[in-house]
Each structure stands twice: as structure tokens, then as C-alpha cells.
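After the C-alpha cells below, expect a handful of questions from me.
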Amino acid sequence: MAILSVKGVNKRFGGLQALGDVNLDVVENTCHAIIGPNGAGKSTLLNVLVGKLIPDSGSVVFDGQSVLGRQPHEINQMGISRVFQTPEIFADLTVMENMLIPCFAKRDGAFRMHAIESVRHEKDMIEKAESMLAEVNMLDKREMTASSMSRGDKRRLEMAMCLVQEPRLLLLDEPTAGMARADTENTIELLKTIRKERGLTMAIIEHDMNVVFSLADRITVLAQGMPLVEDTPDNIKGHPKVREAYLGEAQV
Amino acid sequence: MDQIIVQILNGLDKGSAYALIALGLTLIFGTLGVVNFAHGALFMMGAFCAVVTSKILSSSHKVVDETRTDFLGNPLEVDVFYMQDWFGETAGAAIMDWAVPLAILVSIPVMILIGFIMERGLIKHFYKRPHADQILVTFGLAIVMGEVIKYYFGANPIQTPAPEALSGRVDFGVWLGYGPNAIVYPMWRLVYFFFSASIIAAVFAFLQFTTFGMVVRAGMADRETVGLLGIDIDKRFTFMFGLAAAVAGIAGVMYAPIVSPAYTMGMDWLVLSFVVVVVGGMGSLPGAVLAGFVLGIIESFASMPGVVNLLPGINQIIIYVVAIAILLIRPRGLMGRKGVMED
Amino acid sequence: MTDQTTQTPIAAASASSSKGGMFGLAAKDTTLFLVVIGLVIFAPFILNPFPEGSAMAQFNAGYPDLMQRFVIFGILAIGFNILFGLTGYLSFGHAAFLGVGSYAAIWSLKLFTLNVIPAILFAIVVGGFFAWVIGKISLKRSGIYFSILTLAFAQMSFAMAYSVLTPITGGETGLQIKNTDNPLIGGPTDGSIGRANLFGAEMGNSFELGIGNWVFTFNLGYYIAAFAMIVAFYLSIRIFRSPFGIMLRAVKSNQNRMNYTGLTPKVYTLYAFVISGMYAGLAGGLMVAMDTQVGPERMFWTASGEIVIMTILGGAGTLIGPVLGAGSIKYMENILSKINKDVLHQWFAMLPDGLEDVVVEFAYIFVGKQWHFTLGIVFMLVVIFLPGGLVEGAQRVSARFGRKKKATDTTDNSASTSAE
């Protein structure tokens, strides 16, 4: 069953057709990869999904509700979390505080005036954050200031922050961009484990074919804003059109 | 109709001062990326250059005049001005009379020097720090500069007259075909307007037509790329700071006859000129000038007796009202570019 | 050690699980809170260390008027710190809330009752409401635009209080309690000028205690203001340690991530703005309760600048910093400005005459009417070298002398630089 369905989405920037008639279905408990050469409209599509851009036409329905015209925070509260290309974390705060914020957001909604309660009495939230940190092997770093960590740790923290919200759909925007080989491998492993344990639905935008083929169940190829093909990884690998548009360029 | 012209004229001199200060603020912000809360203090420094020059030029010594006696029969002591001693009666008097325009010559090197010292000694360490820190440290500097002036010149405004020849009134209406005395306007304010206009034109011409200016403009648009071209923009930007300080300084010199300089003027003008910059659009030079004149003229219209009777106090708050409205309707100001000072 | 800044709520959690504190605070916060209470209660002793009539007596700060200002400006800075220290939004218009709070309080005294409690409560409500209106509009923008908007609103309020609103504000002369006032409850019946009171006890009531050559003054007004400050300080600790406090620090750190975590940074900031407006209103109300007068200059933007300076001087984002900052500035203002040339000549009398004159001339730049010069220099030095203010300075000093705590200090420093 499709949890997210994108139908006939168009977006123009002046004379540029950034997205032309994009259709896409993300099925529950799968990992759907969106690939394509630079300027294919991947980021535009992602920004439409999270409410940062409003398309000129078409519909985006998540779990039976339209996301169009909603603010990013409302879309998150519907159950979509996003991992950014460069990790977006609360750099001045400690790892533990970074983890608690999504926990509170999940429990209390977009705003709650809990100004007199003490954080240290929020035992449930602390436990939840700790178990998530344990899952990504970061429990020993809980009192570190986030900005002082390595890039790979920041990435893991960001993922943990998204996962602790137990999202219905996790959007990943080139999660391994600019990472060292070992960090990339770790990230893939982490995502695989979490999928196995939690049954997570993911949509991923990625350049690294290694990442795509080791995670994705289905792949949509975008070229110049148009969906070229949508198929399983094995079929995509051999697809002549894809080769022409993309893989030829990447020399896979 | 003549009322409208009168109000526009009244707005011009204040508008010119706004425009000049805002121009300097924008140059500094656009080139160095620094929000300079001490810019009003530079304007004040300029005004006090006029005060100092006029004091120096009119310094005198006592001479006993043998030909005259006071009422007790003693020989009379008279003040003799050095200027008249050295250059003769008429020429000396003329020099003293023209102290304010002459102060421009003094102020340019002084202000450029102050600008250099400020940039090299303080501002340069704040390029990488948050805007809030820049605001705070220059705010502190502005307090210090104000207090230094207060220490040496006292708290009271010091009258600094314009030259005799330029301090009369112009019957402006006659020029426009109205009857005599329809529109009478102080000559010095007119001088101030034309002077400011030519300074503004000179700054724009400098940026437009010299290689130096081209690099600076390119740097304002995209600092990183220009840096990649191997051009040492930092040195040029230091010079820009000196230039901006000099512009603020001469704006202050020429304004001294209009409002007597006092140590508070730096802060008073700073708040308003910041509002002007924000209305014009952070980082836009034409925006700063346009907003300066527009706000100056709007303020003068709001001070018309008819308007004040209708809406008491409107003249005091009109600039803020306009600024708030513009910031909310056009968040980037009149001519602001995308991406300047946004999160 | 004074590392409240950096003491994270979670660290506090683990610390307190073994040894709990009082008042629902973690152990470390409890200690700090008790120290502050102690200092405030015994201020009349602590601030009067020099015997009457001695040469040093002019450095005594233990007289009611000054002590009241210490705590009232402390409240103001604590409130401002909740906004600026946590969210990083630099408001240059906080004096406006101080002003409206004062006007609200004086009207309560004039029309309702001379009891200060309703006046103070009314000031808090009006300050908060005014902050809500201004915050709602100003928070549409951020960064320097926000600063300019708040500045513009405050200047507007000042100009209006000065001119258009004269019927409400008394214009240039401001408002005082007059013998023609006729409050609803319990005004004076004999035609005298009413005095602000607390259930009959007047603010000016003092008890003087002479011990040897020392005279200590215990003033009712001071203790009321001090009580308010202790409550204000307590609430600020609670806010700092609450989920709401974490959210405010998240606003400063990364609003984008907040949005994508399903939170509304603007709403959080607005509430912080309103809370700090209420603190400012409280301070304004207390000022009126103490001296029963108000003028528009209380809202002038230099007053807003003073609040900013106090908070940053002490240490923005730290608990105790704003109180320290407010205290040191009010002390400097009152003590430095009293030092004139005669005093300086007395001090340097042992120097040879010529040298004495030079030294006095030089020293005079920094004191007397020029004390703002010293303030400006100190403020610049703090912004340049000690972005964490006096609190960071204290931490650095203790880091240098307390070697064994080295490990904790390194984390402290990294956290306090990020909290600047």
C-alpha cells in the first residue's frame, strides 16, 4: 500500500521546467530511491514533499491527507522526517539535548508551554532518547556538544533525531554526500539494521550508486524534471534509457 | 503648490544627511559585511572637526592698544586674531568666516585616518563573528567616542555658524516663477543639499568608473568569487572603510551650521540612519540614498502644521511608522537584494 | 564553580539522581539559588563594608535607593536574558516594556489603590501584553531586522509618550502621585500626597542598625523588590532547565532543524519575548512603587541599550550573569560618578604636586560625569575578549587555579563559547 503518492506534479521556475508531470508511489515498508543526473529535479521534488515548495499543479498525498500548502512543521507532525545533505543539528546543544527535542516534539506537538517542568523529571523522554542513542552507538557521547563531533557522528545524530520520532516516512537527501568510504558503509549498515528492526519506510535521494543499490527496493529515475523509468534495482541496472541518461555518465 | 515645494525643500537637507550616513553604512556593510553602530559617531566626529577648525582659526592673543583707553584711563587690551595678524585684516576675517567649508579639508584626512584605525584596530577582528557581536562592539565604541567628545567639548551644543555670504535666505519662489517671498529658504541648507548631491554622485562615479570601484562592487555582489580571482579585496575594503568614514565626516562638517554639534548627535543620527538603511534595503547603495531622501521629505511633510494638528505627534514617529510598514510589506526594503542579511 | 551556563539539564539530572536539591531544583542550582538569596537578604551588610565617616565610606552601596536599583535592574536583565541569552534575538527596545509597566503601575496607584501589589501585577500584565503586540509584529523578521524593528517600536513609544499620549503619560513632565488623586480604595483623606504602601507600610520605611561606626539600613521597599527578584530569578532557573528552555536554545542554534522536527520556533520565541516583557513590566512597576514617578525618558533607546550592556557584561545565556552585570553597572554608575576632582586630589595627595595634577587629570577621564566612558571601554573589552561576560571570566580564572578540575573545565569552555 502506498503511504505517499505523488500525482502529476509540475513546478516551473521562470522558463525552467523543474518538475514535469512527476508520478511516484512510495509503498509502506520499502525503500524508494530517486536518482538522476544533476539538475534532474531531485531536490525540487524533495522540497515539494516537505512543504518548502508548493507545486504549480498536481497532488501529494501522505497517508490519505494532502501535504500541499502545509508548513514544514505540520508535515513533520504528520509523520515525515527529513535528513539533510549537510547534517542539520542543534550544534550548540549537547547530543542528549539534540535527542530530547524531537522526543518532546513528538509528544507535545508543535508548541507547548512547558516552562516550569524540569527536563530531568522527564524520565520517559530521557529513556527513549538514551535507547535511541544506544542503537546508533552514541551513548558515550551524550554530554558532548554536537558541534565538536566528527561529520560522521553528526550524520548519525541527525538520523537518530529523525528516527526517535518514529516517522512513518523518512526522507534522506544524499545522506552520504561528502562522507569517507568507511562512514558511508557505516551509514548503509545503520539504515539496513534500522529497517530490519523497525520496518521503516524510506525515500532516498542519492548520487552514490553503491548506496542506492544496497538499500533500494524500487528506483525512480528523473531526467530534466521528468520521471524516466520506475522499476526494481535489477531492472534499472540494465535499462538502456537509464544507461543513456545517467549511468553512462557515472561509469558504473 | 508652493507649500508642497516648501516641504520638499525642508526635507532635502535632512534627507541629504540621512542619505550620506546611510550611504557610508551601506558601503561598510556591503563590502566588509559589518554592521557598524559607530557610524553616527563618525558623523559626530565630522561635525566636531568643524568646531575644532573654527576654534583654531579664531584663536587670538591679547595686544595692548596704545591709542585707546578703558574708562579708568588704562591702555585697552584687545583680542587680535592670529589669522588677521598673519594674513591681514580682510583676508584673515574671510578665513575665519569660512571656517566650516575649510574644515572639510581638515576632516578628510582626519576621518580617513580614524576610519583606518577603526578598521585595522577593531573591526577587522569581527569579520567572522556574528552580526550581534559587531553591533555590540561598535555600540560600545560609539559610547566611548561620544564620551571623549563630551570630555573635551562639554555637554552643551556648540554653535558653528556658516559663512556670512552663505547664511542668508534665498527667495526660491522667484526662481520658479512665484511671487517674491512665496518660498524663502535658508541658503546654507540649499548649499548642503547640492554639496551632498555632488558627494553622492562622486561616490557613485568612483564605484562605477574606476577599476578600484569595479572590484569593490564585484566584491559586494559576490565576495568569494572575487577573492578567488586572486584580487586582494581586503586592502581595498580597508580603504572603503576610510572612505565611508570620510563621507560621514564631511556630512557632519557641513551639517554643523544647521544643528549645533553636541556629543549626543552620534547616537541620535545612528538610530535614524539605521532605519534609513533598512528601509532602503540592506546592502543597496541606491536604496540607501533613495530611502534617505524619501524619509527626509516624508518627515518634513508630517511636520506641516495642518498635519500635526490633525495627527498630533505624527512628525515624531512618522519615520518609524514608515519603516515598520515597509519592513513588513517589503521585507528586503525598497531596493534590497535577495539573500542579504537573511538567515 | 560558577558554571551554571554549561550545566546542562541532563547533566543536572544525573547529578541530582544521587543527591537531590530543594525547591525542585538540581543540587547545583539549589546552591546557586541559596547563595543569591543570602546575598540579597544580607545586602545591607555586605554592601556597607566601610564605617561611616571613613575615607572609603563613599564606596558603600548599602543605601536603600541604590540597593533597590540593583535588584530592579537585576530583574530587568534576568528577563532580557531569557530572550537574548537563550534565543539569540537581540531586542533593542526593551525599555519600552519597562516604560509601559511604569505607566501602568502609576495609574494603578493614582486611580485604584496606593497598595503596591495591584500596581505591580498590573505592570506585569500590561508589560506582557505590550510585548505580545510588538513581538508578534517584530518576529516576522529576524537578525538585524528584528533588532531595528524593536528599536523602531521603542522609539515610537517614547515619542508618543512624549507627545500624542500626554493625557495618559503626562508628556515631558511625566506622572507623579498628587494630592488631587482620589484612588478607589484607601486614599489619604486629609489632602496630603499619598504614598505607595504595602497594606499600610510605606515603601520608605527603614530600620537603621548601628554597630560601632557602621550604620546598616533595612528598607521595606528594598525587601519587596528583593523578594520580587528572588522569585524572578527562581523562575528563570526553572525556565532554563525546562523543556521550554531547551526549545529556546534550539531557536538560537538551528531554526531550520526545529521546523523539520515539527516545532514552531517563532511561537517559542514569541513566548520568550512576552515573558521577558513581563519581567520588564515587573521592573517598571517596582520602580514606580519605590519612587512613585515616571517620565518618558525611561523608554528612550539608550535605556534599552543599557539593558543590553548589563546582560552581556555579566554573561548572556548564563543564570547569574545578568544579575552580576546589572549590579556592577549600577554600582559603577553610582560610585564612579560620585568621584570628582577633589576626591581624586585627596587620593593622590602623596604624589608630588605636578605629578599629582597629571595623574588626577588622567584619572578624571574615567570617573565623575565621564563614567560612561569607562562603561564603554569595559563593554568593548568584554565583547572582544570575554564574549561570555564576567561569568566566563570567573570560569577562566578558576580554570587557571583549579587544575584538578581540568577535565570539566574544557567542556565548560566549549559550551560557554557556544552560549555567547
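A quick yes/no check of all residues on (1) within 14 Å of chain B (Cβ to nearest Cβ); (2) closer than 27 Å to C:Tyr331 by Cα; (3) at pLDDT below 90:
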{"residue": "C:Ile78", "(1), (2), (3)": "no, yes, no"}
{"residue": "C:Leu83", "(1), (2), (3)": "yes, yes, no"}
{"residue": "C:Ser102", "(1), (2), (3)": "no, yes, no"}
{"residue": "C:Pro118", "(1), (2), (3)": "no, no, no"}
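Among the residues of the stretch A:56-75 satisfying the criterion of being part of a loop (DSSP other than H, G, I, E, B) and within 14 Å of chain C (Cβ to nearest Cβ), which is surrounded by the most Cβ atoms within 10 Å (Cβ to Cβ)?
Initial filter on the stretch A:56-75 (part of a loop (DSSP other than H, G, I, E, B)): A:56, A:63-64, A:67-71.
Now drop any that are not within 14 Å of chain C (Cβ to nearest Cβ), which leaves A:67, A:70-71.
Numbers: A:Val67: 21, A:Arg70: 18, A:Gln71: 15.
For the stretch A:56-75, the residue satisfying everything is A:Val67.
Is the stretch B:136-152 home to any residue that is surrounded by 15 or more Cβ atoms within 10 Å (Cβ to Cβ), away from chain C (no Cβ under 14 Å) and of a type in the set (A, V, I, L, M, F, W, C)? Talk me through it step by step, then tell me what you get.
Quick first cut of the stretch B:136-152, residues surrounded by 15 or more Cβ atoms within 10 Å (Cβ to Cβ) only: B:136-151.
Checking the rest, the ones that are also away from chain C (no Cβ under 14 Å) come to none.
No, there is no match, as no residue in the stretch B:136-152 is surrounded by 15 or more Cβ atoms within 10 Å (Cβ to Cβ), away from chain C (no Cβ under 14 Å) and of a type in the set (A, V, I, L, M, F, W, C).
Does B:Glu119 satisfy being surrounded by 13 or more Cβ atoms within 10 Å (Cβ to Cβ), within 14 Å of chain C (Cβ to nearest Cβ) and assigned to a helix (DSSP H, G or I)? Write out each step before concluding.
On the way: surrounded by 13 or more Cβ atoms within 10 Å (Cβ to Cβ): yes; within 14 Å of chain C (Cβ to nearest Cβ): no; assigned to a helix (DSSP H, G or I): yes.
So B:Glu119 fails the test.
Right, here's the next one. Given the residues C:Gly191, C:Gly200, C:Gly187, C:Gly170, which is the only one that is over 17 Å from B:Ile314 (Cβ atoms), out of contact with any strand residue (DSSP E or B) (no Cβ under 9 Å at 6 or more places or on another chain) and small (Gly, Ala, Ser)?
On the way: C:Gly200 fails: out of contact with any strand residue (DSSP E or B) (no Cβ under 9 Å at 6 or more places or on another chain); C:Gly187 fails: out of contact with any strand residue (DSSP E or B) (no Cβ under 9 Å at 6 or more places or on another chain); C:Gly170 fails: out of contact with any strand residue (DSSP E or B) (no Cβ under 9 Å at 6 or more places or on another chain).
It is C:Gly191.
Among the residues of the stretch C:335-371, how many are in contact (Cβ under 8 Å) with a residue 60 or more places away in the chain and in a helix (DSSP H, G or I)?
Matching residues across the stretch C:335-371 total 3.
What tally of residues in the stretch A:114-161 results from selecting those that are away from chain C (no Cβ under 12 Å), buried (at least 16 other Cβ atoms within 10 Å of the Cβ) and in a loop (DSSP other than H, G, I, E, B)?
Selection size over the stretch A:114-161: 2.
What helices (runs of 4 or more DSSP H) completely inside the stretch B:266-331 contain at least 2 residues that are more than 12 Å from chain C (Cβ to nearest Cβ)?
Details: elements: B:285-302, B:305-310, B:314-329.
Passing ranges, in order: B:285-302, B:305-310.
Among the numbered criteria (1) more than 19 Å from the chain's Cα centre (by Cα); (2) more than 14 Å from chain C (Cβ to nearest Cβ), which one does B:Met187 miss?
(1)
Another question, then. Given (1) of a type in the set (S, T, N, Q); (2) under 30 Å from B:Phe274 (Cβ atoms); (3) away from every other protein chain (no Cβ under 14 Å), where does C:Thr150 come up short, assuming only one miss?
(3)
For C:Ile365, which of the numbered conditions (1) crowded, with 16+ Cβ neighbours inside 10 Å; (2) aliphatic (A, V, I, L, M); (3) within 14 Å of chain B (Cβ to nearest Cβ) fails to hold?
The one condition C:Ile365 does not meet is (1).
What residue, among those in the stretch B:314-334 that are touching an Asp or Glu at 6+ places or on another chain (Cβ under 8 Å) and of a type in the set (A, V, I, L, M, F, W, C), is farthest from C:Phe146 (Cα to Cα)?
B:Ile318
Hand me the list of helices (runs of 4 or more DSSP H) wholly inside the stretch C:238-320 holding 2 or more residues that are of a type outside the set (Asp, Glu) and over 20 Å from the mean Cα position of the chain (by Cα). If you could, list the steps in order and put the result at the bottom.
On the way: elements: C:243-253, C:255-259, C:265-291, C:301-314.
In the stretch C:238-320, C:243-253, C:255-259, C:265-291 are the helices (runs of 4 or more DSSP H) which contain 2 or more residues that are of a type outside the set (Asp, Glu) and over 20 Å from the mean Cα position of the chain (by Cα).
Could you tell me whether C:Glu172 is exposed (fewer than 15 other Cβ atoms within 10 Å of the Cβ), in contact (Cβ under 8 Å) with a residue 12 or more places away in the chain and of a type in the set (D, E, K, R)?
yes
Here is a further query. What number of residues in the stretch A:205-225 are in contact with a Phe, Trp or Tyr (Cβ under 9 Å, 6 or more places away or on another chain) and either assigned to a loop (DSSP other than H, G, I, E, B) or of a type in the set (D, E, K, R) (or both)?
Residues that pass the stated criteria total 0.
The values are calculated or read from the model by the stated rules, or taken from the named source; none is laboratory data. Not measured: the values here are computed from a predicted model. Using ideal geometry, Cβ is built from the backbone for each residue, glycine included, and neighbour counts are taken over all protein chains shown.
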